[in-house]
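Report on the following structure.
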Amino acid sequence: MKGGSIFVRGRLLPLFVWIFGLLLVWEGASWMLLHVVETPLAQSKLPYVHEVLSTLWKYSGTLLKEGAATFGNAGVGFLIGAVAGASLAVLMSLSKTIEQLTFPYAIASQMIPILGLAPIIYGIVRDEQTSRIIISGYITFFPVALNMLRGLRSVDPSALELMHSYAAKPWAVYWKLRFPAALPGLFGGLKIAAPLAVTGAILVELMGAQHGIGVIMLRNLYYGSSHTYMFWSTVIVGALLGIVSYWLISLIERLVAPWQPEFRPKGGSR
């Protein structure tokens, strides 16, 4: 019980204070723009927080449904990109020749801006679901491959020598030594890629999809001041989807690799 209260005071309480203070400043600034400065389209630039929250509650069913479509397709692409990136990392760690042949092209592929690639993919595929999966997988592929390759090569040389002295098979070296060492790097890449995969899916939806949070965002952006709060609601939902994806990967990391230093209890127990 004591440990829980310390956690609340040490981490959650400052977070809630900052969020509450930011919302108060936002609400005050919105009131100033609307009633004091009398800025044209003031609510479009900085809407009332309570109105946005009211819209979120009123249209929660629609926002959840469209957000689920975005999150689902981004998740499929994320999984495909993660598997492809991890597989390539293993192959590159096994062979320098494979690394020299593939890694420069993997780097070159990331030089193409997503903003320019998304409409090209959508124009070729002409299917919103497939396009979202491709873009999300493309975004996920490189961070996972790069970070996992670093993890696979971060093994202590003395540990490798010990395994070789036991005449361990290559698969045993990977399973008992390299893969555990690569988990922090793998999850680091996954946590980088997860929010970006959601962003990529939303970007594809802005190209003319029929379903997804990006579709509602685009529709309400150009329909006048009466749709301002709905637009901002979709922005919040999109941000929350990215945060949820990051937290989900962090939770899986805690379950899969609880031995990492940041997950160990501080100060010991009594």
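Please treat every number below as a calculation from the coordinates, not as lab data. All values derive from a computational prediction rather than experimental measurement. So basically every Cβ, Gly included, is an ideal-geometry build from the backbone, and we count neighbours across all protein chains shown.
Overview of results
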item: At q = 0.15, 0.16, 0.19, 0.20 Å⁻¹, base-10 log of I(q)/I(0) for segment 1-142 (Debye sum, equal scatterers on each alpha carbon); result: -0.98, -0.99, -1.05, -1.09
item: Tally of Lys pairs whose C-alpha atoms are under 30 Å apart, taken over the chain, 8 or more apart or cross-chain; result: 10
item: Computed [θ] at 222 nm, helices only, for the chain once each DSSP H run of length n ≥ 4 contributes -39500 (n - 2.57); result: -25000 deg cm²/dmol
item: Under 17 Å from the TYR222 label point (7 Å along Cα→beta-carbon), backbone N, segment 103-130; result: 119
item: FRET efficiency, 1/(1 + (r/R0)^6) with R0 51 Å, evaluated for ALA159 and LYS65 via beta carbons; result: 0.55
item: Theoretical gain in end-to-end length, PHE20 to ILE98 [0.36 nm per residue, Cα-Cα removed]; result: 22.9 nm
item: Dipole magnitude of the chain about its Cα centre (Cβ charges: Lys, Arg +1; Asp, Glu -1), debye to nearest 20; result: 900 debye
item: Cβ-Cβ FRET estimate between SER54 and ILE114, R0 fixed at 30 Å, reported to 0.05; result: 0.35
